[in-house]
């Protein structure tokens, strides 16, 4: 049976590889789209979380509403997001991805998915099942700690 330190070391090593690869994919997406880090993150937030307001985006990104508005304006001008009326407060605006914005983020997510598919295909069926069981345990433990 492995020790806690061995498990911790293996998780750190995997995390480092995964984050390096994820970062490389993210940087490639930024370079191709010519968008800033915060603009890509803003698009990702809308992609995964749906509609959001300017202040909500600012809070999530840890930036001021003015900085959020500046990024939003550029993304609106590029046709990646649009402002719509908030059905509950007509004075407020909601942000939503356009089809072009969804396509850009979908392409980025798909690129990461292709790497993960190639990685899993490099494992035997038995190894895949072992990884499934281990990641399921880690996911459950992490969710339990977060709640």
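Some notes on this structure:
- Estimated distance in nm for a label pair at residue 51 and residue 99, the labels positioned 7 Å out from Cα along Cα-to-Cβ: 2.0 nm
- Where a label projected 7 Å from the Cα of residue 4 along Cα→Cβ would reach, residues of segment 115-147 with amide N under 17 Å: 138, 141-142, 145
- Between residue 69 and residue 84, the contour length at 0.36 nm per residue exceeds the Cα-Cα span by 4.0 nm.
- Gained length - residue 77 relative to residue 115, 0.36 nm times residue gap less alpha-carbon distance: 10.5 nm
- Once the Cα atoms are used to define both axes, helix 65-77 deviates from the longest principal axis of the chain by about 80 degrees.
- Working from label points 7 Å from Cα in the Cα-to-Cβ sense, the residue 60 to residue 11 distance is 2.7 nm.
- Rounded tilt (10° steps) of 99-121 against the dominant C-alpha axis of the chain: 0 degrees
- Short-range pairs are left out: with C-alpha atoms under 8 Å and at least six residues apart, the relative contact order of the chain is 19 percent.
- For segment 4-146, radius of gyration divided by Kirkwood radius, i.e. Rg to Rh on alpha-carbons: 1.07
- If R0 equals 22 Å, the separation of the Cβ atoms of residue 123 and residue 20 corresponds to a calculated FRET efficiency of about 0.65.
- Packing here is the average count of other Cβ atoms within 10 Å per residue, and on that basis the peptides 118-124, 32-38, highest first, run 32-38, 118-124.
Each reported figure results from applying straightforward, stated rules to the coordinates on display, with no laboratory input. Every value quoted in this text rests on a predicted model; they were computed, and no experiment measured them. When we count neighbours, we look across all protein chains shown, and the Cβ atoms used for this are built from the backbone with ideal geometry, even at glycine.
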